[in-house]
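One structure is given below, encoded as structure tokens.
The values are calculated or read from the model by the stated rules, or taken from the named source; none is laboratory data. Everything numeric here is computed off the predicted structure, so don't read it as measured data. In this analysis, Cβ positions are derived from the backbone assuming ideal geometry, glycine residues included, and neighbour counts consider all displayed protein chains. Just the protein is used for accessible areas: all its heavy atoms, side chains included, with ligands, DNA and RNA removed. Shrake-Rupley method; radii C 1.70, N 1.55, O 1.52, S 1.80 Å.
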Amino acid sequence: MNESAATNESLTGLSVALGVEAEAFNSSGSLALLSSSSSSSSSSFSSSSTSPLDFPVNPWDIMLCLSGTVIACENAIVVAIIFYTPTLRTPMFVLIGSLATADLLAGLGLILNFVFQYVVSSETISLVTVGFLVASFTASISSLLAITVDRYLSLYNALTYVSEKTLHYVHLMLVGAWGASLGLGLLPVLGWNCLDDAEACSIVRPLRRANVTLLAASFFVIFALMLSLYVRICKIVCRHAHQIALQQHFFAASHYVATKKGVSTLAIILGTFGASWLPFAVYCLVGEREYPAVYTYATLLPATYNSMINPIIYAYRNAEIQRSIYVLFCGCFHSNVSYRSRSPSEV
């Protein structure tokens, strides 16, 4: 009897252990943003664990939350500077403000994602937050495309760039960019999700595979357009540098240095954007929901870095914004100082 009882007890313990291991294996198949299974598996894991090395919060989620905090702080300063400085109302700064607003919302979305995932977990909040993140990051990428278009137009039509017509075009571009981003963000909320069909889930739950395929395809279209426009900008920059060199009788070396500097700047801008988003976009196309979630985290985290780098490239290196920051935080200049708003071709 004692041996039979001991045998039954050991079998029961083995089945419980296997059940815990199977649950842990199933929960690691894909990245679940705000999914209820994440919080439940975390609580069951913490309650049944005995090892001192167990940690109830995913370190990758902590890194995403920290990244969102930095993104929100950086871009909040840019938004405040542009909003409270009346002289920064040119098309270029309107586009930079749109980019900073989108990145600010993306940073806040990452923070809310972490809070709701480990504090309040429900399917409704999951859909809303995922849609919020999709709309914010899409608006950020679309704003980058709008800035590229504006830079190309400022070089191609340099004589007629500063006009009310240009500002009208900028507003139309922003309405189109934010409208498309909002539409893509509402798709999961309106029913395009995999909450009722786990087989249709993508690497990012609760987005369906068709949804992330659409997002990845949209990214590649925008990236191709930006690449084409920057190639044309490089040609215009080289031609303008050559004309200036001929007019001012510069040596060939000066022309080479000026051209190299302009082309390298454009290469850094486009290279940073591609290096940040290309890995995640490619993985959205080739990844399966059964793959380990670490692959999704490893490609998604660098994508968030693009929103961290954007204010440095497009805002903090600008002389007018630097001066406005000094006025706001240091009082180094008088508020009635005259500004000379530059076009994107001069930046």
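Cα-based radius of gyration for the range 106-190, normalised by 2.2 N^0.38 Å, reads 1.45.
Across the range 54-182, how large is the tail of the calculated P(r) beyond 20 Å, expressed as a percent of all Cα pairs? Before the final figure, lay out each step's value.
Numbers: 4318 of 8256 pairs.
That tail contains 52 percent of the Cα-Cα pairs.
For a paramagnetic label modelled on Arg232 (point 7 Å from Cα along Cα→Cβ), amide N atoms under 11 Å away belong, within the range 124-153, to 149-153. Electrostatic bookkeeping for Leu99 treats Lys and Arg as +1 and Asp and Glu as -1; over the other residues with beta carbon under 15 Å from its beta carbon, the sum is -1. A 1.4 Å probe run over the range 75-142, with the rest of the protein chains in place, finds 35 Å² accessible per residue.
Per-residue extension of 0.36 nm, minus the Cα-Cα distance of Asn157 and Leu214, leaves a gain of 17.1 nm for this segment.
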